[in-house]
Amino acid sequence: MHIQSTFTFISSLGLMLMASAFFNGCGGNNESPTQKLQAPAAVAEDEEEEETHSTGKATETAGASVYDNWYTNKGIGPVKNLTLSAEIDQALAAEGEKIFKEKCTSCHKPDKRFIGPAPKGVLERRTPEWVMNMILNPEKMVKEDPIAKQLLLDYNLSPMANQNLTEEEARKVLEYFRTL
Amino acid sequence: MYKKMLPLLLALPLLFFITSCSEYTGSKGGPQAISGVADAASKVYVPPGKYDEFYLFTSGGFNGQMGVYGLPSGRLFRVIPVFSVDAEKGYGFSEETKSLLMTSYGFMPWDDAHHPELSQTDGITDGRWIFINGNNTPRIARIDLSTFETVETIEIPNSAGNHGSPFTTQNTEYVIASTRFSVPIPQADISTKDFATRYKGTITMLKVDPNTGEMSIHFQILCPGFDYDKAHCGKGPSHGWAFFTSYNTEQAGTLKEIEASQNDKDYIAAVNWKKAAEYIDAGKGEEMTVTYYHNIMDEATQTATSRVIKSVKVLDPLKYEGIIYYLPTPKSPHGVDVDPSGEYIVGNGKLSTDLTVHSTTRMLKAIENKAYEKVIDGIPVLKYDEIVAGVVKQPGLGPLHTEFDEKGNAYTSFFISSEIVKWKLGTWEILDRIPTYYSIGHLCVPGGDSRKPWGKYVIALNKITKDRYLPTGPELTQSAQLIDISGEKMQLLLDFPTVGEPHYAQAIPADKVMPRTKKFYKLEENKHPHAIKSEDEAKVVRDGKIVHVYMASIRSHFTPDNIEGIRVGDEVYFHVTNMEQDWDVPHGFAIMGAQNAELLIMPGQTRTLKWIPQNTGVYPFYCTDFCSALHQEMQGYVVVSPQGSNKPLKWWTGSDNAL
Ligand SMILES: [Cu+2]
């Protein structure tokens, strides 16, 4: 009934406001030279690593994989465009590490496969937008995003839990990932 | 919008049902009794994924709980444990919740819960809290409507049956309580033959903190030894007053069925609580030694703690004038209900053939003019003719309760004649009547006891359901009925079964509650002394025979999920923190041979299960709340060694992840 639609409206409005505040905030700070996404050149090995851990579907190892075009995939969620600064913001990363420790380590170890993938080097295999959308919108991602769908299969059908991080918190976690 | 389409969709199957089934259902009040079945169905049909318009909170009666239903669908959403232990949620079993059931009689795992009462702001229900009484071991509880959890219970001293309770004043300044049974105060072994001279009743005023909702007993008023039955607070012109019905003004101590039904008129006690509070604030009143428990759930530590309180301030109307007056009301009045304007006080004499309506204006005038019939134990009895506003003549048999709509109409339940009668305030004429199935007690209009009713429905809360449902042995389901009151004629829309006894209920538009809903407890705000904030804090600590397990749960594993070095007879406390930060992902925790219950742990919450292993062996534990595709894998083991074993404590999760 109307109650529900009002709700959806309010919450999406809230999200939009939050999102725009976040982007404005970042845009304002982003006077420094920025680093573009890495070229896809060094990707192959990373995917190989992922495949060795996969449940061994033949299709994945045979040439064309959903992982191949990762650099064009920004995922599905509130984060549309994100440019990372060249320098890692250590203060931001430290806050991200704390959040990661509290809310993510039940399933992710920094540098080895656990319930979910290791975040180490994730920006060499995923776009920053994708990473943030995966954190912020996991339900939709595992249903609709081709990479997230494949990862679900590769990780024993353990879908990523939504830990309800704010966009700001997810951004901090992403910065922490860059230090790994 | 869907409503317009629906009659078309439903008409066909329902017609089929009526023609094919009516001959062998044998039901007196079956669907054939409803005129326009398809029309009724369309009014209660809430399509999949759509929300109901109202929350309905029903008391569980003898199950001591509160039911949460949606209206108009009648769907049951939740049972909130209040005064009774609930194994489903570990309520009263987990170390954190046990204290909520502590009383001066000890741990009290059950009660008889009767009257849910929503908090109000400016006389309008506000969706913050709902209060409910425990009759048997006199208590009042507060449920926080952001979490739908019981967060406070308080015992009422000097009470022996907390029935006329816990009705709120118009800004929830107070909730009120009266004792149904009079007893010697203080308690003593005095024969019921001395009932009239030695037994007393009490009325209790509990202050409510406007920010936290926390209750505290401000004072009590000592009253003659009658039975105090139901209550309601004034509003508008009667704000500052509270009204309590009494019966057994005969002061009989035995066979009350006959001996308490002798007088033509009993009384509604009108209490000027503002004036009484002034006395108390001026330091008046007698300090009395009592013992009662006040239990509060601290949301930060997520643990309830008990405080024992040893005294209460009591006002004796013999010594303090002007705090209480009796309004004579025929005959054994049960319900007392104040209309939305606050002017009319409806007294339903359950043995009277008429309804008596008193006027606040006339009452205040009679008090001013000292128009007293007599004085009982310092309490003036006002002259009946000076206070009556009107009488509804012969509306039915056995009137109990009245609720109101926003158009100046009143709806009264009749227990004996099993019906609801609609009548007009001011003219006292009867407008409509509708049968109920069967033996209605209370009734509920959303906001119907407040200044702002949403007069769309009246809900009948029935005592008997003979022949309305598939039989289930000698005991049948309890039931409620939803009746449309938006038009001139009342229309029965729906019967729906309820859990426990749906003694009374209150309803509120969903949009007053939903925006306050908490979706999970924030981990960073979890101040539970045994909480852990990340898996690497998981540990097992021995202190003599006591072992504390600090455990984390998240889809779909526990950390640790293997524990060794526990010994037979150890007192093991599993402190399980649910690390999820997502809506509707509780985890359970159960271990083989646990003699208390399982735990149900909300996201971000910590709950503790005490377990004493009795034999050596390996004890599996697992998650009881289906949480993910790998829920069956959410399990672990405790290896129990003999008493006196030297096996060191060890714990881990994952073969290469020893902690
Ligand atoms: Cu689980």
*asked:* Yes or no: region B:462-470 includes at least one residue that is away from the ligand (no atom under 16 Å from the Cβ), without any contact (Cβ under 8 Å) to a residue 60 or more places away in the chain and of a type in the set (Phe, Trp, Tyr).
replied: yes
*Exactly one of (1) over 30 Å from residue B:517 (Cβ atoms); (2) within 16 Å of the ligand (Cβ to nearest atom); (3) open to solvent by less than 40 Å² (accessible area, probe 1.4 Å); (4) within 14 Å of chain A (Cβ to nearest Cβ) is unmet by residue B:631. Its number?*
(1)
*asked:* Let me spell it out: the conditions are (1) open to solvent by less than 10 Å² (accessible area, probe 1.4 Å); (2) within 12 Å of chain A (Cβ to nearest Cβ); (3) out of contact with any Leu (no Cβ under 7 Å at 6 or more places or on another chain), and residue B:547 meets all of them except one. Which number is the exception?
replied: (2)
_Subset tally (residues that are more than 10 Å from chain A (Cβ to nearest Cβ), assigned to a strand (DSSP E or B) and more than 28 Å from the chain's Cα centre (by Cα)) for region B:559-588_ = 14
*Checking residue A:98 against (1) within 19 Å of residue A:171 (Cβ to Cβ); (2) in contact (Cβ under 8 Å) with a residue 40 or more places away in the chain; (3) open to solvent by 70 Å² or more (accessible area, probe 1.4 Å), which single condition isn't satisfied?*
(2)
*Look through region B:43-73, keep the residues that are among the polar types (S, T, N, Q) and away from chain A (no Cβ under 14 Å), and return whichever of them is nearest to the chain's Cα centre (by Cα).*
B:59
*Residue in region B:637-645 that is open to solvent by 40 Å² or more (accessible area, probe 1.4 Å), within 11 Å of the ligand (Cβ to nearest atom) and not basic (Lys, Arg) present*: no
*asked:* For the condition small (Gly, Ala, Ser) and on the phi < 0 side of the Ramachandran plot, what is the one hit in B:565, B:487?
replied: B:487
*Residue check: is residue B:86 of a type in the set (Asp, Glu) and within 13 Å of chain A (Cβ to nearest Cβ)?*
no
*Among the residues listed as A:161, A:86, A:148, A:170, the single one being under 19 Å from residue B:579 (Cα atoms) and touching a Pro at 6+ places or on another chain (Cβ under 8 Å)*: A:161
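Condition check ((1) closer than 22 Å to residue B:200 by Cα; (2) surrounded by 20 or more Cβ atoms within 10 Å (Cβ to Cβ)) across all residues:
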residue	(1), (2)
B:226	yes, yes
B:238	no, yes
B:246	yes, yes
B:252	yes, no
B:257	yes, no
B:260	yes, yes
B:265	yes, yes
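The rows are residues; the columns are (1) open to solvent by less than 20 Å² (accessible area, probe 1.4 Å); (2) under 18 Å from residue B:439 (Cβ atoms).
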| position | (1), (2) |
| --- | --- |
| B:464 | no, yes |
| B:473 | no, no |
| B:487 | no, no |
| B:494 | no, no |
| B:504 | yes, yes |
| B:508 | yes, no |
| B:516 | no, no |
| B:520 | no, no |
| B:529 | no, no |
*Only residues that are more than 14 Å from every other protein chain (Cβ to nearest Cβ) and either of a type outside the set (Asp, Glu) or open to solvent by 20 Å² or more (accessible area, probe 1.4 Å) (or both): list them for region A:144-155, please.*
A:144, A:146, A:147, A:148, A:149, A:150, A:151
*Here are some conditions: (1) within 11 Å of another protein chain (Cβ to nearest Cβ); (2) over 22 Å from residue B:524 (Cβ atoms); (3) open to solvent by 40 Å² or more (accessible area, probe 1.4 Å). Residue A:158 meets all but one. Which one does it not meet?*
(3)
_Just the residues that are open to solvent by less than 30 Å² (accessible area, probe 1.4 Å) and within 21 Å of residue B:256 (Cβ to Cβ), please, taken from region B:159-184._
B:159, B:160, B:161, B:162, B:163, B:164, B:165, B:178, B:179, B:182, B:183, B:184
*Quickly run through region A:84-95 and pick out the residues that are assigned to a helix (DSSP H, G or I) and more than 14 Å from chain B (Cβ to nearest Cβ).*
A:90, A:91, A:92, A:93, A:94
*Criterion violated by residue B:416 - all others in (1) aliphatic (A, V, I, L, M); (2) in contact with a Cys (Cβ under 9 Å, 6 or more places away or on another chain); (3) more than 17 Å from residue B:489 (Cα to Cα) satisfied*: (2)
*asked:* Take the residues in region B:598-624 that are surrounded by fewer than 21 Cβ atoms within 10 Å (Cβ to Cβ) and either at pLDDT below 95 or within 16 Å of the ligand (Cβ to nearest atom) (or both); name whichever of them is farthest from residue B:547 (Cα to Cα).
replied: B:624
*For region B:353-361, indicate whether the set of residues that are under 30 Å from residue B:439 (Cα atoms), without any contact (Cβ under 8 Å) to a residue 60 or more places away in the chain and part of a loop (DSSP other than H, G, I, E, B) is non-empty.*
yes
*If a residue has to be at pLDDT below 95, among the small types (Gly, Ala, Ser) and touching a Ser or Thr at 6+ places or on another chain (Cβ under 9 Å) to count, how many in region B:555-596 make the cut?*
1
*asked:* If I filter region B:324-332 for residues that are in a loop (DSSP other than H, G, I, E, B), closer than 30 Å to residue B:214 by Cα, aliphatic (A, V, I, L, M) and open to solvent by less than 50 Å² (accessible area, probe 1.4 Å), do I get at least one hit?
replied: no
_Conditions (1) within 16 Å of the ligand (Cβ to nearest atom); (2) buried (at least 23 other Cβ atoms within 10 Å of the Cβ); (3) more than 14 Å from chain A (Cβ to nearest Cβ): number failed by residue B:554_ = (3)
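The values are calculated or read from the model by the stated rules, or taken from the named source; none is laboratory data. Bear in mind the structure is a predicted one, so any value in this text is a computation, not a measurement. Methodologically, a virtual Cβ is constructed for each residue, glycine included, from the backbone with ideal geometry; neighbour enumeration extends over all protein chains shown. With ligands, DNA and RNA removed, areas are computed over all heavy atoms of the protein, side chains included. Shrake-Rupley method; radii C 1.70, N 1.55, O 1.52, S 1.80 Å.
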